[in-house]
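What follows is one structure encoded as structure tokens, with my remarks underneath.
The values are calculated or read from the model by the stated rules, or taken from the named source; none is laboratory data. Bear in mind the structure is a predicted one, so any value in this text is a computation, not a measurement. When we count neighbours, we look across all protein chains shown, and the Cβ atoms used for this are built from the backbone with ideal geometry, even at glycine.
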Amino acid sequence: MEKLNVLVTGGTRGIGAGIVRALAGAGHNVAFCGRGETEKFSNLATTLENEFKIKAAYYQCDVSNQDDHAKLLDSFLADFGSLDALVNNAGVAPEVRADLLEMTPESFDRVMNINLKGPFFLTQLAAKKIKDNPNDKFHCIVNIGSVSAEYASVNRGEYCISKAAVSMATKLWAVRLAEEGIAVYELRPGVIRSDMTGPVAEKYDKMIAGGLTLQKRWGLPEDIGKAVKMLLDGSLAYSTGQVIQIDGGLTVERL
Ligand code: NDP
């Protein structure tokens, strides 16, 4: 399999860590970013390098801060030489799950900046970097969306709106970047065990036991990691612009 240089946002824990590990395990060189101190996560990158005999790196970057984007990509290109694929995974839920009637503009802006505006403009910059340095490898951009793009939760409306918009951003970039030879996908997870779902784990335990998903278990970060690995190996190279559901059958309509 072709060895790619891949950048994963928010790879420090949860789904992003699952993606980083799956890609490293497949032999790709992988860099990940987050807001935390460089030292702690650089050690994790070194562990991955030793375990999988790949190149790995961690960069401190807040995806909602556009000044960080150029620094992130410059560091990546200095260390890896070229960028082949970007996985926009970093994302947040609202700090307070407030009813729509109580949602604040501050929470709306925070969630939209991290989940939508950040990845949108990082994609813009990354696409230019890929375009400026053409090679024969498979290039793609994967956006981690959510079933919340279609399922309305009135106590985290800003999150649902951000993910619905990520879905349109995926289509827009797929249309624009097809001529540049870059495929763009949306991976849409269901309920995945991570820090994000930790505060509502009991609620989801009950819902899963009660039949929320056809496959009666939580999704795991490695379920998403395997799917990203499949997209990067070109298995769905002729499917740009598509949504891939990884949700244990949650979204299968039933009577
Ligand atoms: P976690 O809260 O477990 O992890 C979030 C990751 O994003 C961390 O690595 C965090 O890094 C990073 N991150 C958060 N904000 C920023 C920021 N401003 N800049 C850079 N990195 C940031 O969440 P999950 O792993 O559960 O979620 C990952 C993605 O999957 C999100 O986009 C989420 O919306 C989506 N998703 C999750 C589902 C679930 O059930 N868990 C379901 C559907 C979609 P750090 O804190 O180190 O900065």
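Each residue in the range 25-73 was checked for being among the β-branched types (Val, Ile, Thr) and more than 19 Å from the chain's Cα centre (by Cα), and 4 pass.
Here residue 165 does not fit the description of being away from the ligand (no atom under 11 Å from the Cβ), in contact with a Phe, Trp or Tyr (Cβ under 9 Å, 6 or more places away or on another chain) and closer than 24 Å to residue 20 by Cα.
Given (1) within 14 Å of the ligand (Cβ to nearest atom); (2) within 19 Å of residue 184 (Cα to Cα); (3) small (Gly, Ala, Ser), identify the lone condition not met by residue 82. Only one criterion in (1) within 14 Å of the ligand (Cβ to nearest atom); (2) within 19 Å of residue 184 (Cα to Cα); (3) small (Gly, Ala, Ser) is unmet by residue 82, namely (1).
Every condition in (1) among the polar types (S, T, N, Q); (2) surrounded by fewer than 17 Cβ atoms within 10 Å (Cβ to Cβ); (3) closer than 26 Å to residue 237 by Cβ holds for residue 104 except the one numbered (3). Among residues that are touching a residue at least 12 places away in the same chain (Cβ under 8 Å) and under 20 Å from residue 194 (Cβ atoms), residue 27 is not included. For the range 114-129: of the residues being away from the ligand (no atom under 16 Å from the Cβ) and not small (Gly, Ala, Ser), which is surrounded by the most Cβ atoms within 10 Å (Cβ to Cβ)? By that ranking, first place goes to 129. In the set 71, 40, only one residue is among the basic types (Lys, Arg) and modelled with pLDDT of 95 or more; that residue is 71. Looking only at the range 27-56, count how many residues are buried (at least 22 other Cβ atoms within 10 Å of the Cβ) and in contact with an Asp or Glu (Cβ under 8 Å, 6 or more places away or on another chain). Residues in the range 27-56 being buried (at least 22 other Cβ atoms within 10 Å of the Cβ) and in contact with an Asp or Glu (Cβ under 8 Å, 6 or more places away or on another chain): 2 in total. The residues of the range 203-219 that are in a helix (DSSP H, G or I) and of a type in the set (Ser, Thr, Tyr) amount to a single one, 204.
Only one entry in 163, 216, 229 is surrounded by fewer than 16 Cβ atoms within 10 Å (Cβ to Cβ), charged (D, E, K, R) and at pLDDT 95 or above, namely 216. Taking each residue of the range 1-16 that is closer than 15 Å to residue 182 by Cβ and of a type in the set (S, T, N, Q) and looking for partners that are more than 6 Å from the ligand (Cβ to nearest atom) and in a loop (DSSP other than H, G, I, E, B) with beta-carbon atoms closer than 9 Å, six or more apart or interchain, yields 5/28; 5/55; 5/81; 5/82; 5/83; 5/84; 5/137.
Scanning the range 130-160 for residues that are loosely packed, with under 15 Cβ neighbours inside 10 Å, out of contact with any strand residue (DSSP E or B) (no Cβ under 9 Å at 6 or more places or on another chain) and not in a loop (DSSP other than H, G, I, E, B) returns a single hit, 132. The condition (being surrounded by 17 or more Cβ atoms within 10 Å (Cβ to Cβ), in contact with a helix residue (DSSP H, G or I) (Cβ under 9 Å, 6 or more places away or on another chain) and not in a helix (DSSP H, G or I)) is satisfied by just one residue among 87, 111: 87. Considering the range 203-213 alone, what residues qualify as being loosely packed, with under 14 Cβ neighbours inside 10 Å and either among the charged types (D, E, K, R) or near the ligand (Cβ under 10 Å from one of its atoms) (or both)? Passing the criteria: 203, 205, 206. Residue pairs whose Cβ atoms lie under 8 Å apart, sitting 6 or more positions apart in sequence or on different chains, and linking a residue in the range 84-99 that is at negative phi to a partner that is among the polar types (S, T, N, Q) and part of a strand (DSSP E or B), are 84/5; 85/5; 86/9; 87/9; 88/9; 88/143; 89/9; 90/9. For the range 179-202, residues that are part of a strand (DSSP E or B) and either more than 6 Å from the ligand (Cβ to nearest atom) or more than 18 Å from residue 220 (Cβ to Cβ) (or both) total 7.
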